[in-house]
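Enquirer: This structure is in structure tokens; I'll ask about it shortly.
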Amino acid sequence: MQTSRCGVAEGDVVTSSARLRILLVIPVEQRREITRQLQPLKAELVFADSSGQTEGGIKEDDIFHVAILPATLTDTAWWKLWGVLGVLNRRPAILVYAREATFQLWSGVLESGGYDVVVEPFSDAQIQNAVLQAAQSFEEELSNGS
């Protein structure tokens, strides 16, 4: 198993708390492509709709290392989704994806506690690296007790 430059093992990624889990709010028509792009990480992918609803529901004790969310959500959808993430014992590192990363979007994401903005279309390497770095940030916060 090879280690990425951010210190998270590539391949079958296992973090200190569990196998890498990613919550994705991605349109149905893009799920096959993002699944292909993230396949080398061998992470558990959990897809949700814009309100944060998953097939089995999200529970307080669920652990998601990374959440990948669209910048195009309405304010109402953002608040619903934020409420879902807020019930988790540990909020995941949040990656927001958008067609364009303006300073206003980027600073808004960081100010609200998000990890970073990823610009679409992203290459396999870009999204994998962004997820690995976000997962590393989640792990560092977990080990620091914050």
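Enquirer: Looking at segment 52-67 only, could you name the residues that are open to solvent by 30 Å² or more (accessible area, probe 1.4 Å) and either within 23 Å of Asn129 (Cβ to Cβ) or touching a helix residue (DSSP H, G or I) at 6+ places or on another chain (Cβ under 9 Å) (or both)?
Expert: Matches in segment 52-67: Gln53, Ile58, Ile63.
Enquirer: If you scan segment 68-88, which residues turn out to be of a type outside the set (D, E, K, R), in contact (Cβ under 8 Å) with a residue 24 or more places away in the chain and open to solvent by 90 Å² or more (accessible area, probe 1.4 Å)?
Expert: Thr72
Enquirer: If you check Arg36, Arg91, which single one turns out to be assigned to a helix (DSSP H, G or I), open to solvent by 60 Å² or more (accessible area, probe 1.4 Å) and modelled with pLDDT of 90 or more?
Expert: Arg36
Enquirer: Let me ask something additional. Quick check on my filter: what residues within segment 81-118 are within 20 Å of Gln53 (Cβ to Cβ) and polar (S, T, N, Q)?
Expert: Asn89
Enquirer: Is there a residue being within 19 Å of Arg19 (Cβ to Cβ) and of a type in the set (Ser, Thr, Tyr) anywhere in segment 113-125?
Expert: The answer is no, given that none of the residues of segment 113-125 is within 19 Å of Arg19 (Cβ to Cβ) and of a type in the set (Ser, Thr, Tyr).
Enquirer: Suppose we filter Ala125, Ala71, Ala77 for residues that are of a type in the set (Gly, Ala, Ser) and in contact with a strand residue (DSSP E or B) (Cβ under 7 Å, 6 or more places away or on another chain); which single one remains?
Expert: Ala71 is the lone residue from the list that is of a type in the set (Gly, Ala, Ser) and in contact with a strand residue (DSSP E or B) (Cβ under 7 Å, 6 or more places away or on another chain).
Enquirer: Would a scan of segment 119-126 turn up a residue that is more than 16 Å from His65 (Cα to Cα), touching a helix residue (DSSP H, G or I) at 6+ places or on another chain (Cβ under 6 Å) and of a type outside the set (A, V, I, L, M)?
Expert: For segment 119-126, residues more than 16 Å from His65 (Cα to Cα), touching a helix residue (DSSP H, G or I) at 6+ places or on another chain (Cβ under 6 Å) and of a type outside the set (A, V, I, L, M): present.
Enquirer: Would you confirm whether any residue within segment 133-144 is surrounded by fewer than 14 Cβ atoms within 10 Å (Cβ to Cβ), at pLDDT 90 or above and either among the hydroxyl-bearing types (Ser, Thr, Tyr) or not in a helix (DSSP H, G or I) (or both)?
Expert: no
Enquirer: Run Tyr97 past the list (1) modelled with pLDDT under 90; (2) outside any loop (DSSP other than H, G, I, E, B) and report the number of the one that doesn't hold.
Expert: (1)
Enquirer: Might you check whether a residue that is under 26 Å from Lys42 (Cα atoms) and open to solvent by 40 Å² or more (accessible area, probe 1.4 Å) occurs anywhere in segment 100-111?
Expert: no
Enquirer: Same structure, new question: Anything in segment 14-33 that is hydrophobic (A, V, I, L, M, F, W, C) and either open to solvent by less than 60 Å² (accessible area, probe 1.4 Å) or under 17 Å from Asn89 (Cβ atoms) (or both)? List them, or say none.
Expert: Once the filter is applied, which keeps residues that are hydrophobic (A, V, I, L, M, F, W, C) and either open to solvent by less than 60 Å² (accessible area, probe 1.4 Å) or under 17 Å from Asn89 (Cβ atoms) (or both), segment 14-33 yields Ala18, Leu20, Ile22, Leu23, Leu24, Val25, Ile26.
The values are calculated or read from the model by the stated rules, or taken from the named source; none is laboratory data. This is a predicted model, so every value here is computed, not measured. A quick note on method: Cβ atoms are made from the backbone with ideal geometry, for glycine too, and the neighbour counts reach across all protein chains shown. Side chains are part of the model used for accessible areas, which takes the heavy atoms of the whole protein and leaves out ligands, DNA and RNA. Shrake-Rupley method; radii C 1.70, N 1.55, O 1.52, S 1.80 Å.
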